[in-house]
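Before any comments, here is the structure.
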Amino acid sequence: MPSLSPEASVVYSLNDLENWSYTGTSLAVLGHPIEHSISPRMHNAALAEMAAQNERFADWRYFKFDIPPVNLSEALALLHARKFIGINLTVPHKVQAVDLVEAVDPSARDMGAVNTLHWEPGGYHGFNTDGYGFEEALRNDLKAEIGGAEIILLGAGGAARAVAAKCLESGCRTLRIGNRDPGRLKALLDILEKNTATPERLSGFDLLNPPGDLPSAGILVNATSLGLKSGDPPPMALEHFDNALKVYDTIYNPAETALLTEARTRGMAAANGLSMLVWQGVRSLEIWTGSQVPAEVMMTAARQAIN
């Protein structure tokens, strides 16, 4: 039987899922790799606090599973059969899962990515809480609002899709998206253009050869994987931007990426992705429990987990 400790760092596999024996209410995060994830720490901390107020949550636990993409469909079927009430999805599963679940929330369908699944008798229902998490993080960490802002987004994967859709939904002035893979960039632009009434706000560029007409200020968001590994260079140099530029890196571990270091050196306001992780988790837990979630407890647990 899996550990019930809120501090548990055990990584489970498809084989463990086939023989799952926990009789309480199970939640999980799936990724590949997943060992670095701190989601169990922050969710179990919140659940412990919620259980102190409501015994309904006394047996709720959150686990993490390393599931390769080739096994995602099989894993989701097993998770549903074992009645895992809630699932979070992280890299590289957010886009693939859209076509593997029973139903998808309209806003998540527009993004083409899901990060939150809720158990229903006929199958999982998919949601995306990343956009919500991103907007709350900007407000809390950078005192910035999306509405009316000029935004430069780097990346075209699952997290970038959510950020882009939220930027358009919340009324950004312009959204410039850069990516190294032109095919993935076009796929994202095509999705976004279909779901906005003002596609003229939206354009893409080659991240390896950025254009000279990018906004000099506004908000720059890194949603690429550059920064996850020690020694990774910044996804984009910042010397051509004004120091009024605000920089948000969706990476939270390591806490200080090369991009953030350069931004701070230039006097720019900058923040990592920890708040986004926490706030998307708050919204996921609200969906699964139907109850108010202690956000500060989750934030404290997340900070402790990476320190």
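The values are calculated or read from the model by the stated rules, or taken from the named source; none is laboratory data. Given the structure is predicted, the values throughout are model-derived calculations rather than measurements. Please note: Cβ atoms are built from the backbone with ideal geometry, for glycine as well, and neighbour counts cover all protein chains shown. In case anyone asks, the SASA skips ligands and DNA or RNA and just uses the protein heavy atoms, side chains included. Shrake-Rupley method; radii C 1.70, N 1.55, O 1.52, S 1.80 Å.
List the trypsin sites (Lys or Arg not before Pro) within the range 114-206 that DSSP assigns to loop and that have no more than 16 neighbouring Cβ atoms inside 10 Å.
Listed in order of number, the matching sites are 143, 173, 180.
Mind listing the phi-derived Karplus ³J(HN,Hα) values for the range 93-109, rounded to whole Hz, using 6.51, -1.76 and 1.60 with θ = phi - 60°, and x for any glycine or proline?
Each residue of the range 93-109 in turn: 9, 5, 7, 4, 5, 4, 8, 10, 9, 5, 8, 10, 4, x, 5, 5, 5 Hz.
Tilt of helix 158-169 relative to the longest C-alpha principal axis of the chain, in degrees (0 to 90, nearest 10)?
Around 60 degrees separate the two axes.
For the chain, set up a GNM with springs between Cα atoms under 10 Å and report which of 96, 53, 280 has the largest fluctuation.
Greatest mean-square fluctuation among the candidates belongs to 53.
Considering only protein heavy atoms, what is the solvent-accessible area of residue 189 at a probe of 1.4 Å, reported in Å² to the nearest 10?
30 Å²
With everything on Cα atoms, drop me the angle between helix 39-53 and the longest principal axis of the chain, reported from 0 to 90° to the nearest 10.
Taking Cα atoms only, the helix is inclined about 60 degrees.
With the convex hull built on the Cα atoms of the range 39-95, state its orientation-averaged projected area in nm².
Seen from a random direction, the Cα hull of the range 39-95 projects 4.4 nm² on average.
Normalised radius of gyration for the chain, please: alpha carbon Rg relative to 2.2 N^0.38 Å, two decimal places.
Ratio of Rg to 2.2 N^0.38 Å for the chain: 0.98.
May I ask you to work out the translational diffusion coefficient for the range 137-267 at 10 °C, viscosity 1.306 mPa s, via Stokes-Einstein with Rh from the Kirkwood sum over Cα pairs, reported in whole µm²/s?
After rounding, the answer is 107 µm²/s.
Of the heavy-atom accessible surface of the range 192-307 (probe 1.4 angstrom), what whole percent is carbon and sulfur?
Looking at the range 192-307 in its full context, I get 48 percent from C and S.
Tally up the carbon and sulfur contribution to the accessible surface of the range 53-109 as a whole percent, 1.4 Å probe, everything protein left in place.
Ligands and nucleic acids excluded, carbon and sulfur reach 50 percent.
Rank 98, 11, 247 by mean-square fluctuation in a GNM of the chain with C-alpha springs under 10 angstrom and give only the top-ranked residue.
11
Mind pulling the angle between the C-alpha long axis of helix 182-194 and the longest principal axis of the chain? Nearest 10 degrees, somewhere in 0 to 90.
The angle comes out near 80 degrees.
Starting from the Kirkwood Rh over alpha-carbon pairs, what translational D in µm² s⁻¹ does the range 73-221 have by Stokes-Einstein at 4 °C and 1.567 mPa s?
Using the Kirkwood radius from Cα pairs, D works out to 81 µm²/s.
How much accessible area per residue does the chain have, in Å², with a 1.4 Å probe?
For the chain, the solvent-accessible area averages 43 Å² per residue.
For the pairs 94/194; 64/166; 166/229, flag any whose C-alpha to C-alpha distance is greater than 24 Å.
Pairs exceeding 24 Å: 64/166; 166/229.
List the GluC sites (Glu not before Pro) within the range 108-213 that fall in a DSSP loop (any state other than H, G, I, E or B) and whose Cβ has at most 14 other Cβ atoms within 10 Å.
145
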